[in-house]
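Worksheet for the structure shown next.
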């Protein structure tokens, strides 16, 4: 797992969901962070798209279930 | 990674400043650091100005976050204009809100936003105790789309018969009508309605453009009627959403994927354009538009430098490259017609510059379009301050148009409140840059507005006459003033009310009245309302004065006596008083009295009654009551004024 991408994703989530950085781990998800609702999920998708310069398809946005899958998907899209 | 957000020259000078204080660590200074430094030094206005620049250059979600956060600390030190903004909507637009926060804060507006429940806008408007009205908004935006308001016209159009089409149109309009009526009954807030947009691909393809019963026509018919509905109420405005989308490209604007998955139809990178379109409404509604456009001359109004190229060398005309400058002059002339006052600020010998205006056949703008000029070799910031003082406007009422980025940067730094028009390098794009600027947007246009720039320009000629007259009386005579005083009527109630609301300097009692109240005074048996028009040899100033008289027992009391600052200092107020005395005598009053209620701004009127020979009969915390016997003294209208008594 790319550490730089992981750190940037964790920072984004920490800022958006207003939780301390230490509490954001690779298994963080809407189930573990209460402020991660559907609206923040949309804001997260847009921030990720803007920050990493890529576009998620509607199917992909549904797959962004936790920090780990988010980072892996970004790696895949950037590597391709 | 060093992110270059500030223009390089500015960044270098700021970085140099930091370097001296040992704060610059190579490649690690962020824009945030520079702002923090200004805040630390208590330079609030500079921090505000820099934040505005940073936001202007890079309007991203990530910048929006930290910029808005900084304003939490800046807020107590800046005079931001508060707005309670309610957004009612039929689609997801929350991601636009952080962008709107940054855009409004950097523009000096402090919004408290409430977003309505998804697609519940009709219920919220019709229910008098809904969250919408509980929130007490001052401005409401109704952001809807064709596919939500008239879904049959959007995706099912080919199923519809001609009759069905009309039914759908009527139902959509009935809903709009009911909503606007209910809204106005429950709130006095400004209402901005998104008009409906066209689909990217009409349901019958190119055939749609060949027939009358087309999808395009149906949507346009709704919009035409929507405009009429809005016009029937005060403070209801239309936002041409289709034109906005077209400006940025229909293909680029719509994100079908996000619409299907999260009901957000606008692509993420177009959200800022929606926000900026909303700003075009918020700026005039909060009084943050420019009243004056100050223009440079060389390479702005014409190609080349008059001092070097001479009158035959400068480029202005119908051939390239002069036609780019002529197009810019045309855009400036359009602003003049809308009531924007024009001024010149140029580094030139004045004779060289004026020769172009006087002699060049291809100029669209002439000297008489300009209300003030500073054509000299002193620095532009000082000139701009002088122009603002001469025109009696705040420095924040000025917009500045100059092709030279260094001059623009200098003015930006020295006078952060001035609105700078960013001209691109390419002169071919000058006129569109000016036309697209949001700082001149206006939601109303009265006859007074269109005449305003002319009044100011004529005033410059009056001032020149005054400075050359031998005595003040000679000056008054040479003006050839006509003053017409007539009873206020339905045609003039609006302007009369406006004058009571806006006039501050020559205003004896500063009583503010609405149109409704003026109308009541005018029809009441114990009151009289007069409107005063002034004309002189330079032009017509329009309706510039008001007096409201109250009759009781044998007293005539002057409830209101005011004169617009445009025409102070020409003895018109003496003519008004002479007329008031005639009227009072004709109503068998024995005494004429009037209060002077001092305010921070009406010192110009403080000596009026005493110099006219009135006696002070009462004094209290509020002010001074003056009186004169109508048989005691004759106040006559000045000889240099032609006083016309209207019917």
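The values are calculated or read from the model by the stated rules, or taken from the named source; none is laboratory data. From a predicted model like this one, the values you see are computed outputs, not experimental measurements. Cβ placement follows ideal geometry from the backbone for every residue including glycine, while neighbour counts extend to all protein chains displayed.
Quick one: residue B:368 ticks every box in (1) closer than 18 Å to residue B:433 by Cβ; (2) in contact (Cβ under 8 Å) with a residue 60 or more places away in the chain; (3) in a helix (DSSP H, G or I) except a single one, so which number is it?
(1)
Yes or no: region A:45-55 includes at least one residue that is assigned to a helix (DSSP H, G or I) and over 24 Å from residue B:258 (Cα atoms).
Within region A:45-55, none of the residues are assigned to a helix (DSSP H, G or I) and over 24 Å from residue B:258 (Cα atoms).
Residue check: is residue B:271 away from chain A (no Cβ under 11 Å) and not in a strand (DSSP E or B)?
No: the conditions fail for residue B:271.
Sort out which residues of region B:158-206 are part of a helix (DSSP H, G or I) and either within 18 Å of residue B:128 (Cβ to Cβ) or touching a strand residue (DSSP E or B) at 6+ places or on another chain (Cβ under 6 Å) (or both), and write them in order of number.
Answer for region B:158-206, where residues must be part of a helix (DSSP H, G or I) and either within 18 Å of residue B:128 (Cβ to Cβ) or touching a strand residue (DSSP E or B) at 6+ places or on another chain (Cβ under 6 Å) (or both): B:175, B:177, B:178, B:179, B:180, B:181, B:182, B:183, B:184, B:185, B:186.
Does region B:512-526 contain any residue that is part of a loop (DSSP other than H, G, I, E, B) and surrounded by 21 or more Cβ atoms within 10 Å (Cβ to Cβ)?
The answer is yes, given that some residue of region B:512-526 is part of a loop (DSSP other than H, G, I, E, B) and surrounded by 21 or more Cβ atoms within 10 Å (Cβ to Cβ).
Rundown of residues vs (1) more than 12 Å from chain B (Cβ to nearest Cβ); (2) under 19 Å from residue B:268 (Cβ atoms); (3) modelled with pLDDT of 90 or more; (4) in contact with a strand residue (DSSP E or B) (Cβ under 8 Å, 6 or more places away or on another chain), yes/no style:
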| site | (1), (2), (3), (4) |
| --- | --- |
| A:39 | no, yes, no, no |
| A:43 | no, yes, no, no |
| A:46 | no, yes, no, no |
| A:58 | no, yes, no, no |
| A:65 | yes, no, no, no |
| A:70 | yes, yes, yes, no |
| A:74 | yes, yes, yes, no |
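Could you say whether any residue in region B:569-583 is in the same structural domain as residue B:481 (by TED's automatic domain parsing), surrounded by fewer than 16 Cβ atoms within 10 Å (Cβ to Cβ), modelled with pLDDT under 95 and outside any helix (DSSP H, G or I)?
There is at least one residue in region B:569-583 that is in the same structural domain as residue B:481 (by TED's automatic domain parsing), surrounded by fewer than 16 Cβ atoms within 10 Å (Cβ to Cβ), modelled with pLDDT under 95 and outside any helix (DSSP H, G or I).
Tell me, please, whether a residue that is surrounded by 20 or more Cβ atoms within 10 Å (Cβ to Cβ), touching a helix residue (DSSP H, G or I) at 6+ places or on another chain (Cβ under 9 Å) and modelled with pLDDT under 90 can be found in region B:549-561.
no
Between a residue in region A:14-26 that is within 14 Å of chain B (Cβ to nearest Cβ) and any residue that is part of a loop (DSSP other than H, G, I, E, B), which pairs come within a Cβ distance under 7 Å, given they are 6 or more apart or on different chains?
Partner pairs satisfying both residue conditions: A:14/A:20; A:14/A:24; A:17/A:33; A:17/A:35; A:17/A:36; A:18/A:35.
Just to check your reading of the model, which residue among A:74, A:33, A:13, A:26 is in a loop (DSSP other than H, G, I, E, B) and buried (at least 17 other Cβ atoms within 10 Å of the Cβ)?
Every option except A:33 fails the conditions.
With the requirement that a residue be in a strand (DSSP E or B) and surrounded by 13 or more Cβ atoms within 10 Å (Cβ to Cβ), what does region B:589-628 give you?
Listed by number, the residues that qualify are B:591, B:592, B:593, B:594, B:595, B:596, B:615, B:624, B:625, B:626, B:627, B:628.
Kindly indicate whether residue B:198 is within 23 Å of residue B:278 (Cβ to Cβ) and surrounded by fewer than 16 Cβ atoms within 10 Å (Cβ to Cβ).
Working: within 23 Å of residue B:278 (Cβ to Cβ): yes; surrounded by fewer than 16 Cβ atoms within 10 Å (Cβ to Cβ): no.
No: the conditions fail for residue B:198.
Exactly one of these conditions fails for residue B:351: (1) farther than 28 Å from residue B:321 by Cα; (2) assigned to a helix (DSSP H, G or I). Give me its number.
For residue B:351, the exception is condition (1).
Residues checked against (1) surrounded by fewer than 16 Cβ atoms within 10 Å (Cβ to Cβ); (2) over 22 Å from the mean Cα position of the chain (by Cα); (3) assigned to a helix (DSSP H, G or I); (4) within 14 Å of chain A (Cβ to nearest Cβ):
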| site | (1), (2), (3), (4) |
| --- | --- |
| B:230 | no, no, yes, no |
| B:234 | yes, no, no, no |
| B:242 | no, yes, yes, no |
| B:258 | no, yes, yes, yes |
| B:277 | no, no, yes, no |
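Give the residue, chosen from B:312, B:299, that is away from chain A (no Cβ under 14 Å) and out of contact with any helix residue (DSSP H, G or I) (no Cβ under 9 Å at 6 or more places or on another chain).
Values: B:299 fails: out of contact with any helix residue (DSSP H, G or I) (no Cβ under 9 Å at 6 or more places or on another chain).
Answer to the check: B:312.
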